[in-house]
Structure formats: C-alpha cells, structure tokens
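Have a look at the structure below, then the notes.
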Amino acid sequence: MFAVHYTEFGGPEVLHLAEAAAPHPLQNQIRVRVKAAGVSPVDAALRSGRTPMSARLALPHIPGVDAAGVVDEIGPGVTGVAPGDEVFGSVELAGLGGASAEFAILRSWAPKPATMPWAQAGAAGTSVETATRALDLLDVHPGMTLLIDGAAGGVGSVAVQLAVARGARVIGTARPSNHDFLRKLGATPITYGPDLPTRVTSTNHPLNPTSAGANRALDPAGAHLDHARDVAGTRDVRALNADGAPADRAHSAAGALDHHALNAAGARVDRALDVAGAGVDRALDAAGPRVDRALDAAGPRVDRALDAAGPRVDRALDVAGAGSLPELISLTGDPASVLSLADFSAASHGVRLSMGELAGEPHGRHGLRAAAELFTQGRFVIPIEAEFSLMNAAAAHTAVESGSRRGKIVLILDDHPA
Ligand SMILES: NC(=O)c1ccc[n+]([C@@H]2O[C@H](COP(=O)([O-])OP(=O)(O)OC[C@H]3O[C@@H](n4cnc5c(N)ncnc54)[C@H](OP(=O)(O)O)[C@@H]3O)[C@@H](O)[C@H]2O)c1
C-alpha cells in the first residue's frame, strides 16, 4: 500500500509518500480503505521528536490517529460491521499512528452518516472522543455554564457543540477573528489571554443576559405593580374628591348649627367613604392577583437573570494549555470543577489532567455515535479548516503547526497517487 511516513524526526519536510506493508486487523479491530485522515497537533509533535512520546515510535512511522473509510477486513471478535460499510473513528492509540495511508486499522469506530462528508468523518475520531471524555469527567449537564479555553481548535470546536447539545451554556475563548466562528457553533466568544475573569464578568451575551436581562425580567413585575397602584390610587383620589365636595357643602350648611345638615353631611361622608373604601378594596383586589401573577412570572426570570448576571462559571475546560488554570479556578471557585487536556502543570494547581486511554482512564468513544446522530439532526459538524491531498502531507503538518485554527486539518485520499 502507499502511505505517508518518516524515517527521522524533524520538520514537515521529513514526511514522504512511500510503499509500506498493508496491515491486517487483530482482535476487536477493523481495516478500512481510507477516504480521509485527520492531522492533529499530536501528529506534528510526535514527528518533531520534541515530545517524550516520540521515543516510543519505531521508525519508519506512519503518522495519523484518525481516519474514515470503507471497511474491507474484519478482525476476530468484531460484530455489527461488515465489509463495504462506511465508518469513521480512530486507530489503536497506543500505536500513535497509522492513519495517513491507503489502509488503516481502526480500534474505535461508528457508522458514518451517509450525508457526512468524508473530510469531516476522517477528522472526527480523537476530537470527538476527547471532547466527550472531558465533558463526562466534568459532568456537564443542562443549565450549567461551561467555559472552554481554546474553543476554536479541533477539540475545542467539537467540545463546544457537544456541550451545547447537552444543554449547557458555553463561553469559549478564541482570538477575535474566530469569534463569529464560535458564535455559529453556539458559544459566546471572548478573547483568550490574561485577565480572563474580568472579561467573563463583563460579557453581555444572549445566553447569559446581564443587566438588560435583569431589567427585562423585573420590568413586567414593576409595571404591573405600578399599574395596580395607579388604579387603586386614582380610585382613592376620585372617591375622596367625590366625598370632599359634598362634605364641604355639608360643613357650610352646618355652619348655622344645623344638626340636620351635619347629620346629612355625615351620612354623605360615610357613604362617600364607603364608596371610596369599596373602590380602593376592589382596586387592590383586582391588583392583588395581577401583582401576584406578575411576581410569580417574574420570579424565575429574575432568578435566571440574576444567575446570569453574575460571573458564575460552573465548569471550565482547558484545551489550550496556555497557563490559564489559576484564572479558571478563580472563575469556578474550585479546582475540581476544572479539567485540563493540555497543561502538564495541572496537578500542581490541584487540577485533573485527562490523557484518556493512554493513562488508563475511561474513554469517550461512545461520543462517536452521539456525534453521528447529532450530525444527522443538523446539530453538529466537524469544522474543517483545510483539506490536503496525501501528496501534500507536509503542507498539512505545516498548517497544523501554524497555531491559529478553525477546526481540523485533513488529508483526502481520492485516488491512488502513483
Ligand atoms: N489530553 C488529551 O487526551 C488530548 C487529546 C487531544 C488533544 N489534546 C491536546 O489538546 C490541545 C489542543 O488540541 P487541538 O487539536 O484542539 O489543537 P488546535 O486545533 O491546534 O487548537 C488549538 C487552539 O488553541 C487556541 N489558542 C492558541 N493560543 C491560545 C491561548 N493563549 N489561550 C487559549 N487558547 C489558545 C487556538 O485558538 P485561535 O485559533 O483562536 O488562536 C486554537 O484554536 C493540544 O495541546 C493537544 O495536544 C489532548
């Protein structure tokens, strides 16, 4: 078969297309004829030789851990999939590669939705697994606010969408030119970098309305209360006026010590007060239920608005490894509510660093089927920043190392390159 490989560590220029022995699936594995293969930062790091994990590679090495393709061999113990099926997933991660090739062995997979482009399917595997694992570990559930630091990248953009699908409100950090991209994925964007808590606090976003939302929530109650008071007040005044005039006239008449007039006046005053009293009572009665309804209606909205108005972040996911852990802890108030995927100093902050199966943790492979289902519902995409042919694998690695990201880089295998 043909494959991208490298025989020495170094820059993207060490990548070459070459002939390689075709692999065959072992227990619980399948082989696919690859249609697309993702390129991730870890592939570039391994190729560079700068990560300690590079020492585990036997050269020549075929990079790539994610692929999508058509099943053509089934390993022992595998059920529920047949040759000819279109699937997407990841290789055996312990092997740290093998996907950038004509044939790849997958260890985890899910059926590819018929409408999912090959590029998206090929790039999905580890991003979906990682994001799912992180959201599981953080126990992200409906109504929570999750902050994702590094939300526009391969893992972050997937985590945003899966968290929104779980019913969470998501604040995502990215460079300003990626803010619209994050909005489209369902997150409220803010710029990453120092002083994150201040920007989170001053964020006025629709998912998390601040003062405007609070005012809107309070207004209905206020308006009803004012209206009720006005109604009562007007009737009260009208009643007192109506009383006042006859009473004055009665008092004039009484000036001549005419007890009859006084009595008559008194009676009229009493009647007037009775009328006024009833009016006030009716007004208050009428207002009462409306005030109650208004307060009832306002209550939850006020609570939501007040919740939202504060800088409360329930959980924080560090995808970037850019040194933000102390700020993420200050935002959530608890290191246990923060998870890092990329900061190797996490333990010194009391924060968990998740490395997945390689570290013996529970995996998030079930996320593949969930993502496929969400895709068919139009609620999920794998954002693709750029596609390259297998011949241009070096350019794909260069792109991955460029730093700025809106989703994934992917290799497309349309035809045999020979
Ligand atoms: N532990 C695990 O299981 C696991 C699994 C997969 C990946 N990872 C790691 O997770 C990290 C991200 O992977 P990825 O595939 O998502 O990488 P990626 O596609 O290259 O994305 C990285 C993102 O980081 C953002 N970023 C750059 N500087 C930042 C800063 N100072 N603060 C916050 N964000 C910043 C960039 O945002 P802009 O584009 O907006 O500048 C970019 O979108 C890598 O370190 C990778 O090795 C860990």
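The values are calculated or read from the model by the stated rules, or taken from the named source; none is laboratory data. What you see is a predicted model; the values in this text were computed from it and never measured. For neighbour counting, all protein chains shown are included, and Cβ atoms are generated from backbone atoms with ideal geometry for every residue, glycine included.
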Q. Among the listed residues 393, 399, which satisfies the condition of being more than 16 Å from the ligand (Cβ to nearest atom) and small (Gly, Ala, Ser)?
A. 393
Q. If you take the residues in region 293-343 that are acidic (Asp, Glu) and modelled with pLDDT under 95, which one is nearest to the ligand (Cβ to nearest atom)?
A. 307
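Quick grid of which residues meet (1) buried (at least 19 other Cβ atoms within 10 Å of the Cβ); (2) assigned by TED's automatic domain parsing to the domain that holds residue 21:
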{"residue": "63", "(1), (2)": "yes, yes"}
{"residue": "70", "(1), (2)": "no, yes"}
{"residue": "100", "(1), (2)": "yes, yes"}
{"residue": "128", "(1), (2)": "yes, no"}
Q | Long-range neighbours under 6 Å by Cβ, at least six apart or interchain, first residue at positive phi within region 111-132, second crowded, with 24+ Cβ neighbours inside 10 Å and modelled with pLDDT of 95 or more | A | none
Q.
Just checking: which of the strands (runs of 3 or more DSSP E) contained wholly in region 1-75 hold 1 or more residues that are more than 36 Å from the chain's Cα centre (by Cα)?
A. 2-5, 16-19, 66-74
Q) Could you list, in sequence order, the residues of region 162-176 that are within 13 Å of the ligand (Cβ to nearest atom) and touching a residue at least 40 places away in the same chain (Cβ under 8 Å)? A) 171, 173, 175
